[in-house]
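The values are calculated or read from the model by the stated rules, or taken from the named source; none is laboratory data. Worth saying up front: this structure is predicted, and the values here are computed from it rather than measured. No Cβ is skipped: glycine too gets one built from the backbone with ideal geometry, and neighbour counts run over all protein chains shown.
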């Protein structure tokens, strides 16, 4: 089978890439190969389900620009496609004096990124937003929301199919062979001939890259995030989302309380080194 594009990986990034390609280039033959039997089985479906506003990122940076534009597009998509989501807001709470200047830096970043409705809160004002939270100071970020990203990915897949795109679940890529102007993307069952391929394989993106035979200077180091779920008779204690001030020495936002779109409340994640890439 011959295609203009083959997308390797059927998570939300792969599906969004395929859909946008099909939307902007009618007539292209595009295939998505997903090694699992269903889409969005891994990172897309294993996260806190938070719609981030861009408060953490350096103004003008690629992350900031993509987060702000992605926020706008995601909310618009959910509204147009009737996907459940909620803009509930979150608190970022400082619990030590050392965190106060870090909190102030987040405020400056937020304002510079156009989040003009964020508010500084005193210790007593925290109770107005989260009666069971405590801290020295906080930021209220009303833009933050929640959504089920696996549901978003499934809707994108539906729209991709409506444009003539093809999705092949259960198709694990095991080899890539250069054939001059084309590449053979090989799975145990079939070989797909394509002009271009795009690697959106998530946790396995480095291994897919190595199939090209090129040297690779980076690799995926897997970490597992663990969550607790609050008992149903205690979910009322968390009104929205509650985050700590992130430690700048680590690439994580910290353990937080998150309301999910399904109505549960989770506490997590931590970050634990994992010996398997899918060691959930």
Take the conditions under 15 Å from residue 51 (Cβ atoms) and in contact with a helix residue (DSSP H, G or I) (Cβ under 9 Å, 6 or more places away or on another chain) and apply them to residue 277. Does it pass? no
Here is a check on your reading of the model: is residue 198 within 30 Å of residue 49 (Cβ to Cβ) and either surrounded by 15 or more Cβ atoms within 10 Å (Cβ to Cβ) or assigned by TED's automatic domain parsing to the domain that holds residue 36 (or both)? yes
Residue identified as assigned by TED's automatic domain parsing to the domain that holds residue 164 and at pLDDT 95 or above among 93, 50, 32: 32
Pairs please, first residue from region 120-142 and on the phi > 0 side of the Ramachandran plot and free of Cβ contacts under 8 Å to residues at least 12 places away in the same chain, second anywhere and surrounded by 15 or more Cβ atoms within 10 Å (Cβ to Cβ) and in a strand (DSSP E or B), Cβ atoms under 7 Å, 6+ apart in sequence or on different chains. none
Quick one: would you say residue 242 is under 30 Å from residue 89 (Cα atoms) and crowded, with 17+ Cβ neighbours inside 10 Å? yes
Options 170, 164, 110: the member that is surrounded by 15 or more Cβ atoms within 10 Å (Cβ to Cβ) and in contact with a strand residue (DSSP E or B) (Cβ under 9 Å, 6 or more places away or on another chain): 110
What about residue 16, is it touching a residue at least 12 places away in the same chain (Cβ under 8 Å), in contact with a strand residue (DSSP E or B) (Cβ under 8 Å, 6 or more places away or on another chain), part of a helix (DSSP H, G or I) and crowded, with 20+ Cβ neighbours inside 10 Å? no
Taking region 235-280 and the residues there that are part of a loop (DSSP other than H, G, I, E, B) and at positive phi, the one that is modelled with the lowest pLDDT would be 254
Could you pull out the residue among 134, 150 that is in contact with a helix residue (DSSP H, G or I) (Cβ under 8 Å, 6 or more places away or on another chain) and loosely packed, with under 13 Cβ neighbours inside 10 Å? 134
